[in-house]
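Notes follow once the structure below has been shown.
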Amino acid sequence: MYRFLLSRQWVILTLIALVLIPAMIELGFWQLHRHEHRVEQNTLISRNLKAKPVPVTELTFPGHTVPRTDYWRQVTATGTFDTAREVVVRRRTSADDRVGFHVLTPLVLADGRAVLVNRGWVSSAADQKSFPPVPAAPKGTVTVTGRLKADETTSASGIKDLSGLPPRQIMLINSAQQTKSLGRPVLGGYLEQSGPEPSGGNPELIPEPDHESIGPHMAYAVQWWLFAAAVPVGWVTLVRREKRDRQSAEAGSAPEPAPATA
């Protein structure tokens, strides 16, 4: 009755179904893990943003790699801006997706060490190779509040070529690289300024990271698992239809019984 399942067509169809089921289940778990990671990250961001600000020197020091548990921690730093060694970071977007620069200004602390401060976003100059118009940083001793971030690296960013850039322009915010140009110890990581608000709102302060949305990953996980469940249901449905069609064909082709003789 089911000998047709041994045909080449049905063997191939069955093998495809057997491959699709575990693949879709695995894709569902992949999306589930992405959902769990997003929830965990949102919890971390929310907790660190709500934490009381601490001096940046309590969380980092020269050569230190900021751990993930300290990302977005609220910190403060008091010192004077070294505007002579200010640089801009290329290919950065604003809150409304305009492409421009981030302004990176070293803040020299009382002990002579420096911390990199991302003061915010500015628009590009007419010529991409020119240094953009950047509002001057406050003079004298200032106290800056911000979110602690880890150094940006080529491996994490995917940016490999850091050469051939115009003067005072960089691609990645990295304390080790800036230590060479500053000629003084630089705290690991950098500070993403959240206060005080710049005069006239320029540079534009970088908004807090999104920690409310959890994304569609859980919905995608359920969707893949439903697809996985639908494959065997569909296979059984096709088998039954094939069986019914073959039975109908066999009944239609059966010879009519001979008429009875007296």
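The values are calculated or read from the model by the stated rules, or taken from the named source; none is laboratory data. The structure displayed is predicted, hence computed values, not measured ones. Because the Cβ atoms are built from the backbone with ideal geometry, glycine has one as well, and the counts that use them run over all protein chains shown. Calculation scope for accessible area: heavy atoms of the full protein, side chains included, ligands and nucleic acids excluded. Shrake-Rupley method; radii C 1.70, N 1.55, O 1.52, S 1.80 Å.
Do you know which residues across the range 4-53 are touching a Lys or Arg at 6+ places or on another chain (Cβ under 8 Å) and outside any helix (DSSP H, G or I)?
The first filter runs over the range 4-53 and keeps only residues touching a Lys or Arg at 6+ places or on another chain (Cβ under 8 Å), leaving 4, 44, 48-49, 51.
Of everything in the range 4-53, just one residue is touching a Lys or Arg at 6+ places or on another chain (Cβ under 8 Å) and outside any helix (DSSP H, G or I), namely A51.
Given (1) open to solvent by 10 Å² or more (accessible area, probe 1.4 Å); (2) assigned to a strand (DSSP E or B), where does S181 come up short, assuming only one miss?
(2)
Quick check, is A229 in a helix (DSSP H, G or I), free of Cβ contacts under 8 Å to residues at least 60 places away in the same chain and open to solvent by less than 60 Å² (accessible area, probe 1.4 Å)?
Yes: the conditions hold for A229.
Tell me which residues, restricted to the range 185-212, are more than 19 Å from A136 (Cβ to Cβ) and open to solvent by 50 Å² or more (accessible area, probe 1.4 Å).
Scanning the range 185-212 gives P185, P207, E208, D210, E212.
Quick one: what pairs do we get from the range 164-187, first residue charged (D, E, K, R), second part of a loop (DSSP other than H, G, I, E, B) and open to solvent by 20 Å² or more (accessible area, probe 1.4 Å), C-beta under 7 Å, 6+ apart or different chains?
Listed pairs, sorted by first residue: R168/F131; R184/G112; R184/R113.
Please find, within the range 108-130, the residue that is modelled with the lowest pLDDT out of those that are open to solvent by 50 Å² or more (accessible area, probe 1.4 Å) and touching a strand residue (DSSP E or B) at 6+ places or on another chain (Cβ under 7 Å).
For the range 108-130, the residue satisfying everything is S123.
Only one of R85, R3, R34, R113 is under 28 Å from the mean Cα position of the chain (by Cα) and charged (D, E, K, R). Can you tell me which?
Details: R85 fails: under 28 Å from the mean Cα position of the chain (by Cα); R3 fails: under 28 Å from the mean Cα position of the chain (by Cα); R113 fails: under 28 Å from the mean Cα position of the chain (by Cα).
Only one candidate qualifies: R34.
Kindly indicate which of T78, T105, T154 is in contact (Cβ under 8 Å) with a residue 24 or more places away in the chain and open to solvent by 30 Å² or more (accessible area, probe 1.4 Å).
T78
Residues in the range 13-35: is at least one at pLDDT below 95, out of contact with any helix residue (DSSP H, G or I) (no Cβ under 7 Å at 6 or more places or on another chain) and of a type in the set (D, E, K, R)?
no
Can you spot a residue in the range 158-167 that is of a type in the set (K, R) and modelled with pLDDT of 90 or more? Before you say what the answer is, go through the steps one by one.
Residues of the range 158-167 that are of a type in the set (K, R), as a first pass: 160.
Those left that are additionally modelled with pLDDT of 90 or more: none.
No, that holds for no residue.
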